[in-house]
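One structure is given here, and the rest of the page talks about it.
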Amino acid sequence: MQVYNTLGRRKEELIPRRAGEISMYVCGATVQSDPHLGHGRYAVAFDAIRRYLEWRGYDVVYVRNITDVEDKIIAAAAEQGMSVAELAGIMAAKFDDAYTALGIKTPTIEPRATDHIPHMVTLIETLIDKGLAYPGGGDVYFAVRSLPGYGKLSGRNLDDLMIGARVAPGEHKRDPLDFALWKAAKPGEPAWDSPWGSGRPGWHIECSAMAQDYLGSSFDIHAGGTDLIFPHHENEIAQSEGATGEPFARYWLHNEMLNLGGEKMSKSTGHVIDLAEAIRRFTPMAVRLFYLRAHYRTPQEYSEELLADARSAIERLWAFRRRTDVTGQPEESVMEAFIEAMDDDFNTAAAVGVLFDAVREGNRRIDQGEDVAPWVAAFDEIVNVLGFEPPRSELSGIAERIDELLETLGIDPSATTEESVARLLSERDQARAETEWERADAVRDGLAALGIVVEDTPDGARWHRR
């Protein structure tokens with residue numbers, strides 16, 4: 001299994017620290033405002049990676065944090081006239097609702113920054129004791145030049161970083177490159193006691209402390225968006241390795257940005273598409289498919305046309321599955337192709353292509369009366385690994401009326417309402433094949449009267465509730 005490691009900028013074989021186990025830390029949301037479509041991309045990308053690792057037999061400890069105190073949250077809370085804790089709680093719940101709708105598995109651990117202040121203070125004290133950090137005016141700063149190797153993740157050197165660097169008024173930095181580990185309290189802001197006076201942690205130290213709390217001083221995978229490589233992840237490495245003397249994370253995985261009109265979606269600019277609204281308009285699994293159709297390291301452009309196409313594509317998946325209830329052992333060639341795609345740095349774009357190839361072959365086999373069971377089994381396996389959840393029944397409330405339509409047409413009802421609809425579609429296909437147009441139209445019109453629209457596609461008939 002090959003993964004692209006940002007630390008070194010190359011593909012490497014994934015070799016966990018402990019056989020059969022993967023420890024994984026994903027930088028979660030800073031909950032200052034509603035989630036946008038860009039937030040969904042990182043969440044789905046690393047959820048799919050987690051699911052695949054688990055399917056391959058690894059015991060995955062998946063930590064995804066919530067940043068609930070930070071400059072942007074404090075500013076947003078003040079603007080809306082509420083406490084930081086109140087705003088963070090409201091927004092964290094909205095993120096959770098969106099992630100649940102997208103089929104994202106609950107993290108093994110989901111720590112909040114404000115629950116880990118004591119460890120952050122201890123970590124800062126360690127850095128001061130080692131001469132890597134210094135207090136000043138109630139703040140504490142990390143001395144960037146004190147640690148050799150700073151910039152190894154982002155590829156930046158100190159001379160380049162000095163261009164444009166400055167010390168802002170009121171800061172007590174010794175060097176413009178130094179960054180804050182602890183910030184002195186300001187009126188109206190949340191604050192905690194510390195050896196340097198009342199204040200709050202800097203953003204970067206939060207993730208270092210939470211990762212160490214649950215995964216130890218060294219772990220397997222650290223993940224997040226490419227916008228976090230510098231300075232956030234670079235500073236995490238400096239703090240963590242400076243304090244422990246051990247490599248922080250073995251593999252650094254970064255997803256590329258989701259763009260709107262060629263520009264990165266960003267809360268700070270308001271250049272966003274609301275995630276909850278996209279889920280409502282296009283369905284959750286269509287949004288998930290939209291994300292997974294691109295490799296996680298490829299920049300992705302938003303368009304309504306692409307989401308609408310993903311909605312049609314996800315409907316084709318379930319239309320195929322409704323055509324048959326047979327199953328068996330997964331077709332080996334399909335699963336080999338799927339594993340080859342995912343083993344190549346979790347290439348979900350290629351894996352989704354394997355899934356739709358299996359659907360096309362499965363539909364052909366059903367049409368030709370050939371054995372389709374292995375392809376159905378492979379389909380079931382892959383949609384489960386990729387996290388595509390079958391739609392909830394769209395037929396609630398009309399079961400009796402469907403049975404009445406079956407009786408009118410002289411067809412015995414099936415065990416479930418969905419199977420009865422599948423039987424009606426099969427009856428229509430047979431009537432069309434035998435040029436019994438009147439009977440085929442009777443099935444279509446009868447379903448239309450119940451609010452069920454039948455569409456004919458190259459992959460066979462599919463239906464949806466109007």
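Values in this text are rule-based calculations from the coordinates and carry no lab data. As the structure is a computational prediction, the values presented were derived from the model and not from experiment. Here the Cβ positions follow ideal geometry from the backbone for every residue, glycine too, while neighbour counts run over all protein chains shown.
Taking other residues whose beta carbon is less than 11 angstrom from the beta carbon of I22, and scoring Lys, Arg as +1 and Asp, Glu as -1, yields +1.
Taking every DSSP beta bridge that has both residues in the chain, what percent is antiparallel when rounded to the nearest 5? Around 55 percent antiparallel, to the nearest 5. Across the chain, the mean sequence separation of Cα contacts (distance under 8 Å, 6 or more residues apart), normalised by length, yields a relative contact order of 16 percent. Working note: Karplus 6.51/-1.76/1.60 with θ = phi - 60° gives the range 38-55 the couplings x, 5, x, 5, 5, 5, 6, 4, 7, 5, 5, 5, 4, 4, 5, 4, 5, 5 Hz, where Gly and Pro are set to x. In the chain, the longest principal axis of the Cα atoms and the axis of helix 332-343 are about 20 degrees apart.
In the chain, the longest principal axis of the Cα atoms and the axis of helix 348-368 are about 10 degrees apart.
In terms of its alpha-carbon gyration tensor, the range 330-466 comes out prolate; a/c meets the 1.5 threshold, and the first ratio a/b outweighs b/c.
Approximating the spin labels as points 7 Å out from Cα along Cα→Cβ, the A93-to-D227 distance works out to 2.6 nm. Using the beta-carbon distance between R281 and E455 and R0 = 22 Å, what value does 1/(1 + (r/R0)^6) give for FRET efficiency, to the nearest 0.05? For R0 = 22 Å, the calculated efficiency reads 0.70. Lysine pair count for the range 2-264 with Cα-Cα distance under 27 Å and sequence separation of 8 or more or different chains is 19. Ranking of W203, W192 by neighbouring Cβ atoms within 10 Å, starting from the fewest: W192, W203. Relative to the longest principal axis of the Cα atoms of the chain, helix 437-449 runs at roughly 40 degrees.
What shape does the chain have by the C-alpha gyration tensor, where a ≥ b ≥ c are the square roots of the eigenvalues, rounded means a/c under 1.5, and otherwise prolate means a/b greater than b/c and oblate the rest? Prolate, because a/c is 1.5 or more and a/b exceeds b/c.
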